[in-house]
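Notes follow once the structure below has been shown.
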Amino acid sequence: MRYFNFTIIAFLFLFTFSLFNKACAGEILVLHVNGAIDPVIARYVKSGIESANNKNMSLVVIELDTPGGLDQSMREIVQSILKSKVPVASFVYPSGARAASAGTFIVEASSLAVMSPNTSIGAAHPVMIGGGNDKTLLEKATQDAASYIRSLAKIHGRNENWAQSAVLNSQSLNDSEAIKEGVIDIVAKDLDSLVSQANGRTVIADNNKIVLNLEPNFVYYKMSFFENFLHLISNPTVASILMMVGIYGIIFELASPGLIFPGIIGFICVVLSFFALGNLPFNITGLLFVGFAVILFVTEIFVSSFGILTIGGIISLVFGMFMIFEPSERLGYPSVLTVVIPAAILTGLLIAILFYLVLGTRRKKPFIDSSYLIDKEAEVKDVRDGAKLLLVFFDGELWSAKPIDDQVYKVGDTVRIVGKEGIVLKVKRT
């Protein structure tokens with residue numbers, strides 16, 4: 001009987017696990033990449049692939065339309081694709097889209113390379129940011145890129161020679177030419193067509209062969225509003241403008257100390273431009289913004305900036321927290337906005353209250369209860385203005401004193417305090 005019960009429990013457990021696994025395996029995660037490949041896109045794609053692996057999904061589809069982008073960001077995406085246990089399909093979509101330059105590497109690295117009709121791929125020759133003319137450096141980058149894309153094509157049995165030619169000679173192909181040359185695996189007009197054609201195919205994921213068994217159950221993994229904003233400013237032209245604005249803002253602040261506003265804007269723009277050009281990762285950029293916010297909040301207590309420092313600190317704090325914390329709403333958790341916005345508002349209120357209290361203390365007139373002075377003795381330390389004004393020592397301090405009698409005083413005499421007018425004591429001889 002005990003053996004029978006154990007068998008039943010084991011059967012129910014395996015049955016439940018198989019149902020759960022089947023439910024997860026039926027989901028296809030869809031990412032949408034439109035525009036240049038930059039650090040924002042890299043984090044977004046890596047996050048999506050990681051989420052698909054954690055949930056044991058059956059496929060990740062990257063809808064791709066890009067003119068290229070930063071080499072470092074492209075390599076981060078490629079590395080994430082290669083180590084993913086869930087197959088990744090790069091889908092050049094919609095009609096009229098392209099996977100140029102860095103996009104070609106992403107397509108060739110994917111387990112499944114797909115293009116929609118009237119799309120193109122190729123032109124992957126490296127280009128130096130700012131149009132650099134160092135031929136030796138450019139040649140080294142070109143040869144490295146050619147070797148890299150050739151190895152990616154080899155993993156999935158695609159046309160290595162064309163992939164290398166796309167880098168060395170900037171060759172491009174449309175969808176029909178690409179399928180004919182063995183550069184891609186499928187031409188599909190939409191996601192449903194992709195799934196139907198991909199079913200039953202054997203692909204490579206994490207160096208393992210996997211037979212695809214797909215269902216058209218799509219889960220869309222979207223970028224947050226803040227990520228879309230960062231993606232917008234990551235355009236090289238926008239990043240260059242931010243750099244110039246930041247430099248001029250800092251120059252104006254140094255030329256006219258105390259303006260405050262140009263310095264704050266300058267720092268934020270310079271840090272954003274460095275991030276947009278791929279020189280600063282998300283975490284470092286976020287820490288810089290949070291640290292700058294703390295400096296501004298502390299400075300607000302000691303400098304009368306009429307709230308400019310507090311506003312700049314709140315802006316910097318919001319940027320920093322968005323940089324450090326990944327948008328959680330994509331993973332099914334409450335939006336990071338529910339933390340960032342209240343934190344920024346609360347911080348601003350606390351700084352405003354503290355500033356008000358400090359300002360009130362500074363404006364408050366000094367208060368001294370003079371009753372404790374009466375009938376106390378003090379020593380004359382100096383005689384001024386023909387003995388009409390004395391300088392007396394009392395309770396560890398020097399006071400100005402005015403005699404109320406006609407006595408002649410000299411240094412060392414002892415006097416008794418009988419009253420006070422403002423900061424001048426009234427005294428008479430003991």
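Each reported figure results from applying straightforward, stated rules to the coordinates on display, with no laboratory input. Treat the numbers as computed from the prediction; the structure is a model and nothing was measured. Neighbour counts run over all protein chains shown; Cβ positions are idealised from the backbone, glycine included.
A compact table of results
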quantity: Charge context of residue 42, other residues only, Cβ under 14 angstrom, K/R +1, D/E -1; calculated: -3
quantity: Amide proton proximity set for residue 389, modelled H, under 5 Å, gap of 5+; calculated: 384
quantity: Amide N of the range 49-92 lying under 16 Å from the label point, which is placed 7 angstrom from the Cα of residue 237 along Cα→Cβ; calculated: 67-69
quantity: Built amide H within the under 5 Å cut-off of residue 171, gap 5+; calculated: 123, 124, 166
quantity: Gained length - residue 139 relative to residue 192, 0.36 nm times residue gap less alpha-carbon distance; calculated: 14.9 nm
quantity: Quarter of Cα convex hull surface for the range 370-429, i.e. mean projection, nm²; calculated: 3.5
quantity: Helix 282-302 vs. the chain, principal-axis angle (Cα, 0 to 90°, nearest 10); calculated: 20
quantity: Ranked by how many other beta carbons lie within 10 Å on average, peptides 28-38, 292-302 from highest; calculated: 28-38, 292-302
quantity: Phi-based couplings in Hz for the range 38-50 (Karplus 6.51, -1.76, 1.60; Gly and Pro marked x); calculated: 9, x, 5, 5, 4, 5, 4, 5, 4, 5, x, 5, 4
quantity: Local electrostatic count, residue 149, Cβ distance below 9 Å [Lys/Arg +1, Asp/Glu -1]; calculated: -1
quantity: Per-residue ³J(HN,Hα) for the range 104-120, Karplus 6.51 cos²θ - 1.76 cosθ + 1.60, θ = phi - 60°, Hz, x for Gly and Pro; calculated: 5, 4, 5, 4, 5, 7, 6, 4, 9, 9, 10, 10, 8, x, 6, 10, 9
quantity: Karplus 3J(HN,Hα) series, Hz, for the range 382-393 with 6.51 cos²θ - 1.76 cosθ + 1.60 (x for Gly, Pro); calculated: 7, 10, 10, 6, x, 6, 7, 9, 10, 10, 10, 10
quantity: Gain upon complete extension [residue 353, residue 295; 0.36 nm per residue less C-alpha separation]; calculated: 19.1 nm
quantity: Read-out Cα extents along the principal axes in Å, derived from the coordinates shown; its label in (i) 92, 64, 43; (ii) 119, 80, 30; (iii) 144, 57, 39; calculated: (ii)
quantity: For residue 394, residues with placed amide H under 5 Å, excluding near neighbours; calculated: 399
quantity: Potential extension, residue 423-residue 127 segment - 0.36 nm per residue separation minus Cα distance; calculated: 98.9 nm
quantity: Cα centre as origin, Lys/Arg/Asp/Glu Cβ charges: the chain dipole, Debye; calculated: 800
